[in-house]
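Enquirer: Below you will find the structure I want to go over with you.
The values are calculated or read from the model by the stated rules, or taken from the named source; none is laboratory data. Nothing here was measured: the structure is a model prediction, and the numbers come from that model. Quick reminder, even Gly has a Cβ in these numbers, built from the backbone with ideal geometry, and neighbours come from all protein chains shown. Heads up: the accessible areas ignore ligands, DNA and RNA and are worked out on the full protein's heavy atoms, side chains in. Shrake-Rupley method; radii C 1.70, N 1.55, O 1.52, S 1.80 Å.
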Amino acid sequence: EWQRTYGAMMLDMAYSVREISTGGYILCGVFSGFGNDTLALVRTDAAGEVIWERRYSGGLGRDIGYNVVETQDGGFAVCGFTGPAFALDVQVIKVDADGDVQWTTVVDLGENDYGNAIRHLPDGGFIVLCDHGEYPLFSDGAAYLLRLDATGDVLWTNGFLAPEGLSARGLAVNADGGYTIAGTTDYPVRDVVLIRTDAMGDEVWRRVHGVPGL
């Protein structure tokens, strides 16, 4: 029906898109990537025409948005990372409907940390799924749940380990208030992992699916 292109002459990438209550869309990603990364949000109308385009730089080297959600007040929250190479931290930015920053939360989990998925919760807070590991192999990688309140303050974090390392991208909020995480064990095993938690992020069960020897 239509196709739109956003950005300039540099390396620009979108990682997530949501249809929003106005009928338009919100995209997150990065403008001018590789060495000059700036986290980007683009809001469009229902036909994909730009309403506003905003860039958010933490000033530490790299800033990328991986996942975005609309919030109860008509604004948006985006998760990703910020920081210099090899010292990245999880970043969550909350903006209003016009893209103006209301708060920013940066969390250091110890190595290179990425916020891969974010969900808005009924109490106004957020749950963020994060990857944590040592660049570039992530052989000691772990997945984390990060719980924030409505103002961005950290309520709790919970980590999930596997002997061969673990990374995760998929996050669901369950009807009982718990969470489900989908990911994979790290190289060279690469098996599918499904983790079910309670509302406090404590693991209830874990399933690993894969082909033996592959």
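Enquirer: Being more than 21 Å from residue 83 (Cα to Cα) and open to solvent by 70 Å² or more (accessible area, probe 1.4 Å) is the filter; apply it to region 9-32 and report the residue that is modelled with the lowest pLDDT. Steps first, answer last, please.
Expert: Within region 9-32, the first condition is being more than 21 Å from residue 83 (Cα to Cα), and the residues that meet it are 9, 17-27.
Cutting the leftovers down to open to solvent by 70 Å² or more (accessible area, probe 1.4 Å) gives us 9, 17-19, 21-22.
Working: 9: 71, 17: 97, 18: 97, 19: 97, 21: 96, 22: 91.
Across region 9-32, the extreme among qualifying residues is 9.
Enquirer: Looking at (1) out of contact with any Leu (no Cβ under 6 Å at 6 or more places or on another chain); (2) open to solvent by less than 40 Å² (accessible area, probe 1.4 Å), which is the only condition residue 56 fails?
Expert: (1)
Enquirer: Of all strands (runs of 3 or more DSSP E) completely enclosed by region 59-162, which ones contain at least 1 residues that are at pLDDT 95 or above and more than 19 Å from residue 199 (Cα to Cα)? If you could, list the steps in order and put the result at the bottom.
Expert: Numbers: elements: 62-70, 76-83, 89-95, 101-107, 112-120, 126-133, 142-148, 154-160.
Correct list: 62-70, 76-83, 89-95, 101-107, 112-120.
Enquirer: In region 157-173, how many residues are under 26 Å from residue 94 (Cβ atoms), among the hydrophobic types (A, V, I, L, M, F, W, C) and open to solvent by less than 60 Å² (accessible area, probe 1.4 Å)? Steps first, answer last, please.
Expert: The first filter runs over region 157-173 and keeps only residues under 26 Å from residue 94 (Cβ atoms), leaving 157-160, 167-173.
Right, trim to among the hydrophobic types (A, V, I, L, M, F, W, C) and you get 160, 168, 171-173.
Keeping just the survivors that are open to solvent by less than 60 Å² (accessible area, probe 1.4 Å) gives 160, 168, 171-172.
Going through region 157-173 one residue at a time, the tally reaches 4.
Enquirer: Taking the conditions exactly as written (among the small types (Gly, Ala, Ser), under 13 Å from the mean Cα position of the chain (by Cα) and open to solvent by 60 Å² or more (accessible area, probe 1.4 Å)), does residue 77 satisfy them or not? Even if it seems obvious, please write down each step before you answer.
Expert: Details: among the small types (Gly, Ala, Ser): yes; under 13 Å from the mean Cα position of the chain (by Cα): yes; open to solvent by 60 Å² or more (accessible area, probe 1.4 Å): no.
Spelling it out, it is not the case that residue 77 is among the small types (Gly, Ala, Ser), under 13 Å from the mean Cα position of the chain (by Cα) and open to solvent by 60 Å² or more (accessible area, probe 1.4 Å).
Enquirer: A further question on this structure: State which residue pairs qualify: first residue among the small types (Gly, Ala, Ser) and inside region 86-103, second residue open to solvent by 40 Å² or more (accessible area, probe 1.4 Å) in any location, beta carbons under 7 Å apart, and separation of 6 or more residues or different chains.
Expert: Close Cβ pairs (under 7 Å, with a partner that is open to solvent by 40 Å² or more (accessible area, probe 1.4 Å)) amount to 99/54.
Enquirer: For region 174-200, what are the residues that are over 20 Å from residue 124 (Cβ atoms), touching a residue at least 40 places away in the same chain (Cβ under 8 Å) and either hydroxyl-bearing (Ser, Thr, Tyr) or open to solvent by 50 Å² or more (accessible area, probe 1.4 Å) (or both)?
Expert: 187, 197, listed by residue number.
Enquirer: Given (1) among the aliphatic types (A, V, I, L, M); (2) more than 23 Å from residue 14 (Cα to Cα); (3) surrounded by 15 or more Cβ atoms within 10 Å (Cβ to Cβ), identify the lone condition not met by residue 154.
Expert: (3) is the only condition that residue 154 fails.
Enquirer: Of 42, 50, which residue is at pLDDT 90 or above, open to solvent by 30 Å² or more (accessible area, probe 1.4 Å) and farther than 21 Å from residue 146 by Cβ? Working first, answer last.
Expert: Numbers: 42 fails: open to solvent by 30 Å² or more (accessible area, probe 1.4 Å).
Answer to the selection: 50.
Enquirer: Still on this structure, please answer the following. Which residue pairs have Cβ atoms closer than 6 Å, lie 6 or more positions apart in sequence or on different chains, and pair a first residue in region 8-25 that is within 11 Å of residue 42 (Cα to Cα) with a second residue that is among the small types (Gly, Ala, Ser) and loosely packed, with under 14 Cβ neighbours inside 10 Å?
Expert: If the second residue must be among the small types (Gly, Ala, Ser) and loosely packed, with under 14 Cβ neighbours inside 10 Å, the pairs left are 24/46.
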